[in-house]
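Input: a single structure, listed below in structure tokens.
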Amino acid sequence: MTLGPAPSETDEAKVRRRTALLLAAIVAIAWAARHGGLTGPFGEGWQQLGAFYGKQARNYLRYGAAATGFAGVVNAEASPPSEWAWYLHHPPGLGWTMAACFATLGISAFAAKITGMLAALTQVVITYLLVARCLSRRAGLAAAFTTAVVPAGAYFSTHGSELGPQAIALLLLALLLDVRAGERASGRAGERAASPPRVAGTAAAIAGAALYSWAALPIAAAFAWRDARARHWRRVAAIGTAALLPFALHLAQTWWVMRHATGVLHGGSLFEALLNRSVGESRWWASVDAADSMRRLWGHARFDFTRIGLGLAAIGAVMLATARRTEQASPTGLASARPLFFALTALALGYTLPFPQGVLVHRYWLLVALPLVALLVGVVTHVVTAAIAARRVGTWITLALLGAMAWEGLEATLRWQKRDSTPWFEEAGQVVRDLVPAGRTLVTCEPFSDSLEFYAERRVLGDVGDAEIPAEPAELIERLASDLPWFVLALPPVEEPTVAWRRVPPWLEEHAYVAARRQLPGAARELRLYDLSRRPDGTRYEFNR
């Protein structure tokens with residue numbers, strides 16, 4: 001036996017290792033792009049959504065999930081069951097996840113956001129695996145990179161909504177498991193399965209996503225339609241059950257709250273929400289300004305996906321639409337991407353077209369289209385890098401476009417993260433908890449903020465301005481509340497009030513006892529707390545309860 005030099009790595013092994021390193025670098029970029037939103041406290045903008053669900057998570061720990069029927073309670077401070085405000089518009093999965101993180105890591109914004117970050121990084125990897133499987137490694141890397149850098153992923157990964165990366169990552173996992181099950185059933189990729197593929201993993205992923213968001217329903221419908229055409233009825237039943245069971249449980253939860261619980265429904269019941277999102281939105285369409293709506297929709301899409309990303313996605317859609325079915329075997333063949341394209345289109349359209357008002361109001365709603373945009377960018381990369389005669393030229397063109405998209409997306413993400421990251425709510429909340437007795441209401445000129453409620457653990461009334469100033473101070477107490485309210489004022493304002501308010505500070509100085517003035521160093525603002533139940537001489541106002 002002759003000993004010789006160890007065999008060298010095969011070209012395929014080198015490509016795999018290089019691809020793994022590039023994917024790891026993309027995941028690192030994704031982490032860096034989201035880091036600012038992860039580490040800061042709940043601040044302005046859509047950070048309030050995380051605070052809103054954080055209040056529900058804290059109440060699961062405060063009262064016990066069984067006491068609330070595993071439903072969300074949004075009261076900021078400890079309250080008796082007769083005063084609970086229930087939230088039933090969306091599945092409770094995000095609140096449950098946050099509660100588990102609070103129990104493990106402590107109650108904090110970081111604990112509330114960490115699962116969004118981890119799910120977002122998982123989404124990057126699964127996007128690569130899906131697109132690379134049906135096109136090429138380069139296409140997969142481009143799709144993963146798009147997911148990592150555009151604001152729909154980078155900015156909204158840590159905003160804390162039920163429509164976030166937790167739900168989207170689970171839906172992409174369902175797609176990946178479905179593809180792999182089909183390949184195992186057929187023996188090799190691309191061959192029609194002789195028997196129905198296994199469905200357990202796909203169904204479990206869909207059920208998990210449905211616990212977070214109703215966006216799981218369009219994907220389940222797409223699977224069911226495909227399997228019904230193939231007469232795979234057991235798969236249809238399994239996937240339908242996986243998607244509808246969380247919905248049925250949530251309906252049972254709603255029934256339990258409405259039948260047995262006391263308190264109030266925050267924003268109405270689930271039934272009212274569904275009615276408003278169907279009949280209500282059809283009525284809304286009759287009075288909508290089409291031109292203004294299109295401008296707002298374009299603004300949301302441009303922010304979420306960048307102009308370059310939208311342009312590449314449009315080109316990719318044209319390429320897919322004009323590709324011939326016989327191209328699958330060619331180097332630039334796109335036919336194998338069609339099933340994934342249709343599934344991701346079902347996700348994007350199935351959760352946007354039925355809810356136009358929600359799409360126009362909520363900038364983050366379009367993030368359901370992020371996997372579709374990423375796929376289409378991957379399509380362009382696949383074609384350009386393979387079809388141009390001088391292959392290096394195609395690669396450099398693609399890299400330049402992806403780099404410009406990343407520059408635009410990351411600049412917007414980091415700018416808005418900085419804008420939202422004020423520590424005022426956290427600092428002010430600490431002062432309020434120290435000085436304001438439990439059971440009191442905070443009144444402020446600024447818009448209502450769930451972030452302030454989360455940290456202050458007191459009820460907040462916003463948008464109180466000059467119009468509420470009465471002739472006599474006691475009238476303000478009667479007008480605002482009967483629970484001895486306090487007025488909280490930030491100078492300068494954190495979020496510019498939407499009502500006239502300039503007469504309020506001098507009026508408070510003249511008529512109300514100044515309870516406290518605090519300089520909040522992190523927010524670079526002064527906090528003023530006024531006890532509206534006390535006269536300047538220290539005696540209390542008398543008013544009727």
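Structure values in brief
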{"read-out": "Set ALA428, ALA404: member being outside the structural domain of GLY54 (by TED's automatic domain parsing) and either in contact (Cβ under 8 Å) with a residue 24 or more places away in the chain or hydroxyl-bearing (Ser, Thr, Tyr) (or both)", "value": "ALA428"}
{"read-out": "The lone exception for SER449 - which of (1) modelled with pLDDT under 90; (2) in contact with an Asp or Glu (Cβ under 8 Å, 6 or more places away or on another chain); (3) of a type in the set (Gly, Ala, Ser) it fails", "value": "(1)"}
{"read-out": "Total residues in the range 164-199, condition outside any helix (DSSP H, G or I) and at pLDDT below 90", "value": "13"}
{"read-out": "ALA523 touching a helix residue (DSSP H, G or I) at 6+ places or on another chain (Cβ under 9 Å), surrounded by 14 or more Cβ atoms within 10 Å (Cβ to Cβ), over 27 Å from PRO80 (Cα atoms) and modelled with pLDDT under 85", "value": "no"}
{"read-out": "Failed item, numbered, when TRP86 is tested on (1) assigned to a helix (DSSP H, G or I); (2) under 30 Å from GLU446 (Cβ atoms)", "value": "(1)"}
{"read-out": "Which listed residue, of THR127, THR147, THR97, THR104, is among the polar types (S, T, N, Q) and free of Cβ contacts under 8 Å to residues at least 24 places away in the same chain", "value": "THR104"}
{"read-out": "Residue pairs meeting the criteria (Cβ under 7 Å; at least 6 apart or on separate chains; first under 19 Å from GLN166 (Cβ atoms), in the range 71-94; second among the charged types (D, E, K, R) and not in a strand (DSSP E or B))", "value": "HIS90/GLU162; PRO91/GLU162; LEU94/GLU162"}
{"read-out": "Any hit, the range 477-484, residues being surrounded by 15 or more Cβ atoms within 10 Å (Cβ to Cβ), aliphatic (A, V, I, L, M) and modelled with pLDDT of 85 or more", "value": "no"}
{"read-out": "Single match in ALA57, ALA103 (criterion: out of contact with any Phe, Trp or Tyr (no Cβ under 8 Å at 6 or more places or on another chain), in the same structural domain as ASP304 (by TED's automatic domain parsing), of a type outside the set (S, T, N, Q) and assigned to a helix (DSSP H, G or I))", "value": "ALA103"}
{"read-out": "Some residue of the range 496-506 being in contact with a Cys (Cβ under 8 Å, 6 or more places away or on another chain), of a type in the set (Val, Ile, Thr) and modelled with pLDDT of 65 or more", "value": "yes"}
{"read-out": "Helices (runs of 4 or more DSSP H) completely within the range 373-474 that count 3 or more residues being closer than 23 Å to GLU83 by Cα and over 22 Å from the mean Cα position of the chain (by Cα)", "value": "424-435"}
{"read-out": "Those residues of the range 135-150 which are closer than 17 Å to ALA387 by Cα and either surrounded by fewer than 24 Cβ atoms within 10 Å (Cβ to Cβ) or of a type in the set (S, T, N, Q) (or both), in sequence order", "value": "SER136, ARG137, ARG138"}
{"read-out": "Hits in the range 60-86 - residues which are in contact with a Phe, Trp or Tyr (Cβ under 8 Å, 6 or more places away or on another chain) and among the hydroxyl-bearing types (Ser, Thr, Tyr)", "value": "TYR60, THR68"}
{"read-out": "Subset of the range 277-291 [touching a helix residue (DSSP H, G or I) at 6+ places or on another chain (Cβ under 9 Å) and either at pLDDT 80 or above or part of a helix (DSSP H, G or I) (or both)]", "value": "ARG277, GLY280, GLU281, TRP284, TRP285"}
{"read-out": "Of residues in the range 313-361 being at pLDDT below 80 and β-branched (Val, Ile, Thr), the one surrounded by the most Cβ atoms within 10 Å (Cβ to Cβ)", "value": "THR332"}
{"read-out": "Failed item, numbered, when GLN47 is tested on (1) surrounded by fewer than 23 Cβ atoms within 10 Å (Cβ to Cβ); (2) of a type in the set (S, T, N, Q); (3) under 22 Å from SER157 (Cβ atoms)", "value": "(1)"}
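The values are calculated or read from the model by the stated rules, or taken from the named source; none is laboratory data. Please read all numbers here as calculations on a predicted model, not as lab measurements. Don't worry about glycine lacking a Cβ; one is built from the backbone with ideal geometry, like all the others, and counts go over all protein chains shown.
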